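Nothing in this text is a laboratory measurement; each read-out follows from the coordinates by a stated rule. What you see is a predicted model; the values in this text were computed from it and never measured. Cβ atoms come from the backbone with ideal geometry, glycine included; neighbour counts cover every protein chain shown.
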Amino acid sequence: MLTLIRSAHLLAPEDLGVQDVLIAAGSIIAIGTDLNLSGSIDISVIDGRGQYLTPGLVDTLTHITGGGGEGGFHTRTPAMEFTDAIVGGVTTVTGVLGTDAISRTLPDLLAKAAGLEAEGLSVVCHTGSYQVPVRTLTGSVQQDIMLIERFVGVGEVAIADHRGSQPSWQELARIGAEARVGGLLSGKAGIVSIHVGDSSERLSLLFDVANQSNIPLSQYYPTHMNRSPELLQDGLRFIKAGGSIDFTASHTPEILDAGEIKCAQALKYALDRGADENRLTFSTDGHASLPHFNKEGILQSLKVGAMDAMLNEFRDAVQEEGIDYSIALKAVTANPARVLKLNRKGRISQGNDADLLLLDKDSLALRRVMAKGDWCLIDGEHVKKGIFDR
């Protein structure tokens with residue numbers, strides 16, 4: 001069946017005004033005003049009046065198998081399910097390992113990704129984890145990216161964090177070189193996702209790589225860059241040097257009290273200081289453990305990253321920070337799709353995948369979610385679920 005969404009206000013993410021969108025076989029096949037179809041083909045017509053039609057959200061950091069709990073085995077966080085992503089408007093996820101690469105493994109990550117893909121999400125993954133030397137499946141980062149279709153990069157490699165392996169700039173340069181070549185030869189992003197902790201060294205290792213090797217900063221993609229005002233300042237330098245940075249949308253009151261900046265506020269701060277709007281992204285850090293440590297490094301509390309965090313921060317960016325709709329939307333659609341080199345994602349364009357959201361124009365409340373051309377959520381009701389979703 002064809003699906004025709006009529007008279008919605010398109011944020012593609014650029015503002016295209018009121019248009020009709022025709023969808024077939026999981027793809028957008030036509031965009032225009034007053035699209036007319038005739039014949040005996042069944043057509044499902046959706047009234048988009050009073051709603052924004054946007055691309056589905058693209059999440060560059062998702063712990064789809066759950067994360068290791070820093071409070072012991074009983075605090076390992078739960079795996080993500082299909083509806084967890086859908087309720088947050090997320091239609092593309094990037095599966096990663098984090099602190100725990102012992103009880104959480106790359107084979108399990110790939111198996112979970114394949115399951116979520118079969119249920120209706122679009123899923124890519126990174127090889128590796130926090131640790132250096134990087135844990136891989138084939139013996140090298142380059143081979144993993146080239147030979148394993150779902151792997152598009154490596155990470156999240158940890159720096160400036162007491163839970164990381166304390167890598168040198170030389171080690172990061174080698175990882176970047178392997179990922180770069182693997183990406184070039186396979187046509188993938190070959191990106192190195194960098195987890196940045198709260199140590200005072202911040203991005204100094206990445207700047208050392210740029211200053212003392214031939215690997216450009218654009219090869220690295222640091223996340224949690226709203227962790228502190230000082231780290232955000234390093235991030236602005238990183239952008240000016242040609243890189244992109246990521247803000248974490250999931251947070252807790254304890255983390256904010258410790259100095260983290262809300263995602264929407266960090267975006268506003270960066271834009272006000274001239275940062276390139278195309279080099280700023282949000283991610284959920286969904287299903288990660290969100291630990292809060294005291295100054296002595298002792299765990300004080302732990303919560304779980306939320307999959308609806310990106311949508312909430314996009315909404316806050318527009319409604320509370322006064323950021324233009326299209327600019328804020330880029331941070332959760334087109335920009336992360338570009339970083340990951342997912343050419344059919346993040347934009348409403350003819351030939352792109354039909355991953356779409358309908359948002360109420362007044363409240364930006366989520367009304368509908370379409371993934372790969374199928375409606376998954378309609379007015380708060382899950383009309384498509386994963387096999388184990390309740």
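Max-minus-min Cα coordinates of the stretch 188-263 on each principal axis give 41, 28, 18 Å, with the largest extent listed first.
So what is the relative contact order for the chain, in percent, with contacts set as C-alpha pairs under 8 Å and at least six apart?
Once normalised by length, the contact order is 20 percent.
Only alpha carbons enter this Debye calculation for the stretch 110-191, each as an equal point scatterer, and the log10 of I(q)/I(0) it gives at q = 0.12, 0.17, 0.21, 0.22 Å⁻¹ is -0.35, -0.66, -0.92, -0.98. Return the distance in nm (one decimal) between the two label points of a simple spin-label model at Thr33 and Gln319, each offset 7 Å from Cα along Cα→Cβ. The two pseudo-label positions are separated by 3.1 nm. Looking at the stretch 193-270, the GluC sites (Glu not before Pro) that sit in a DSSP loop and have at most 16 other Cβ atoms within 10 Å of their own Cβ are Glu201.
Where Rh denotes the Kirkwood radius from the mean inverse Cα pair distance, what is Rg over Rh for the stretch 1-135?
Details: Rg = 19.8 Å, Rh = 17.4 Å.
So for the stretch 1-135, dividing Rg by the Kirkwood Rh gives 1.13.
Efficiency by 1/(1 + (r/R0)^6): what FRET value for Ser200 and Ala111, r their Cβ-Cβ distance, R0 = 45 Å, to the nearest 0.05? Approximately 0.70, to the nearest 0.05. According to the calculation over all Cα-Cα pairs in the stretch 237-390, the P(r) per 5 Å bin from zero is 2, 8, 14, 18, 19, 17, 11, 6, 3, 1, 0 %. Note on Ala365 and Glu296: the extension gain reaches 20.7 nm, defined as 0.36 nm multiplied by sequence separation minus the Cα-Cα distance. The chymotrypsin sites (Phe, Trp or Tyr not before Pro) of the stretch 284-365 include none that DSSP puts in a loop with a beta carbon having at most 12 other beta carbons within 10 Å.
The antiparallel fraction among DSSP beta bridges confined to the chain stands at about 50%. For the cross-link pairs Lys345/Lys372; Lys188/Lys345; Lys188/Lys330, the ones whose C-alpha atoms lie over 18 Å apart are Lys188/Lys330. By the rule of a C-alpha distance below 16 Å, with chain neighbours fewer than 8 residues away ignored, no lysines are paired with Lys240.
Do the sum for the chain: with -39,500 (n - 2.57) for every DSSP H run of n ≥ 4, divided by all residues, what is the mean residue ellipticity at 222 nm, to the nearest 500 deg cm²/dmol?
On the way: 11 runs with 104 residues, N = 390.
Result for the chain: -7500 deg cm²/dmol, rounded to the nearest 500.
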